[in-house]
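What follows is a single structure, written as structure tokens, with notes after it.
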């Protein structure tokens, strides 16, 4: 889909927005600069023409009507915690900020659903749901700061997704504003519903290229009752840890969490938290079981980990279990101390996890780069972290990333398990899905956004 540059001067567009929306239109330097970047470290070139702080569906519809009339590109933003540059707003573009649309509109414990606005923070939602004995399962590492709308836009996952699913499994319906300002109500409130094409699923993970999500009907779960068992196992090498995790998966036991830290990431976290350094080349698996069968499942998993060469420790209570999980959750701040980090995201079949770690090691050797890597081992999703100096990603890092991405594809995997394509991975999209499917996806996007004003330059641009 080609970019659609504004046919009206930026100042005039800002004036039209201000006439309609008043002080919800922000052209201050701080707001414009914030809208240019996300957590990937990438910033869009140039400065947006305005930031619209939408408070309501009406604000969003008005913004999109003006954008269509003036052919002005719009980039939808939440908390800016993305890692693919998907919500970065550049020159001549409107940043449509939905963080102020943060209400919980309805909680229905009897139907196990909630209706929310897109700006609500994931952790804030779950704190409110917890008072009703409920929770929303997707739990990305950014859950304390990321919005539900952003989770939906990227198709986010998290530590618990191996057992409880990702965003796509936890959304029943969406309210969406199209590029021309029309409002659609997609999906349903019932558990089942197969009327027509599943446009709800199409919008999940679409990264703001099809429309603006202004409301979501979420599928909830009851808080897990019963025992929770948390296990850590250390291994003399990351391949042994990966093979042990694959053995757990093959056994049929279903842990709630199974996270793998390679030696470099584990050592970095120990240093950050002031823990005793692990032995050289030590990798760690952290596994948690829950529910009525948690104890029995844990016994089976412990046997498998020990058979795979693991040294196992078991938490004595929930509080200790959370402390063990905090080691895994501290990876990103720990790696930030090593230099600038390009945080990447690939996924492979779970049986290929050990082979993918072999590929990480090969790429490190051949490209002379450091790539500390952690994985959601329960579903084969790896997060390689490319470490370098300076603010701009040097070409040698992109060359290494290119090699690693192609390795994931050769192993039957994908470029992204949960971060999305955004701007950083668009050059590899055709390599995974093929020319025919790439063209078809562009044509589908054009149906929803014929002028190409929604998040131009992202995802589908070669």
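The values are calculated or read from the model by the stated rules, or taken from the named source; none is laboratory data. Since this is a predicted model, take the numbers as computed values, not measurements. In this analysis, Cβ positions are derived from the backbone assuming ideal geometry, glycine residues included, and neighbour counts consider all displayed protein chains.
Summary table below
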item	result
Of residues in the range 137-155 being in contact with a helix residue (DSSP H, G or I) (Cβ under 6 Å, 6 or more places away or on another chain) and not in a helix (DSSP H, G or I), the one nearest to residue 57 (Cα to Cα)	146
Of all residues in the range 290-309 being modelled with pLDDT of 95 or more and not in a helix (DSSP H, G or I), the one that is nearest to residue 379 (Cα to Cα)	308
Candidate set from the range 168-179 (those that are closer than 21 Å to residue 441 by Cα and buried (at least 17 other Cβ atoms within 10 Å of the Cβ)); member that is nearest to the chain's Cα centre (by Cα)	174
Failed item in (1) within 18 Å of the chain's Cα centre (by Cα); (2) under 25 Å from residue 424 (Cα atoms), with residue 74 passing the rest	(1)
Selection status of residue 249, outside the structural domain of residue 110 (by TED's automatic domain parsing) and either touching a residue at least 24 places away in the same chain (Cβ under 8 Å) or under 18 Å from residue 376 (Cβ atoms) (or both)	yes
Elements of type strands (runs of 3 or more DSSP E) in the range 164-257, at least 1 residues being in contact with a strand residue (DSSP E or B) (Cβ under 6 Å, 6 or more places away or on another chain) and modelled with pLDDT under 95	228-236
Search result, residues across the range 310-358 that are closer than 18 Å to residue 282 by Cα, in contact with a helix residue (DSSP H, G or I) (Cβ under 7 Å, 6 or more places away or on another chain) and in a helix (DSSP H, G or I)	327, 331, 334, 335, 353, 354, 356, 357, 358
Lone qualifier among 415, 353, 411, 382 - being under 21 Å from the mean Cα position of the chain (by Cα) and either more than 22 Å from residue 154 (Cβ to Cβ) or assigned by TED's automatic domain parsing to the domain that holds residue 162 (or both)	353
Hey, residue 42 out of contact with any strand residue (DSSP E or B) (no Cβ under 6 Å at 6 or more places or on another chain), modelled with pLDDT of 95 or more and farther than 20 Å from residue 69 by Cα or not	no
Enumeration of residues in the range 342-366 that are more than 19 Å from residue 239 (Cα to Cα) and surrounded by fewer than 19 Cβ atoms within 10 Å (Cβ to Cβ)	none
Test: residue in the range 98-110 that is crowded, with 24+ Cβ neighbours inside 10 Å and closer than 30 Å to residue 383 by Cα	yes
Residue satisfying condition, being more than 30 Å from residue 266 (Cα to Cα) and touching a residue at least 40 places away in the same chain (Cβ under 8 Å), within set 379, 403, 431, 449	449
Subset of the range 408-428 [assigned to a helix (DSSP H, G or I) and either touching a residue at least 60 places away in the same chain (Cβ under 8 Å) or touching a strand residue (DSSP E or B) at 6+ places or on another chain (Cβ under 7 Å) (or both)]	408
Flag for residue 87 being in a strand (DSSP E or B) and buried (at least 22 other Cβ atoms within 10 Å of the Cβ)	no
Test for residue 374: is it in contact with a helix residue (DSSP H, G or I) (Cβ under 6 Å, 6 or more places away or on another chain) and either buried (at least 18 other Cβ atoms within 10 Å of the Cβ) or outside the structural domain of residue 260 (by TED's automatic domain parsing) (or both)	yes
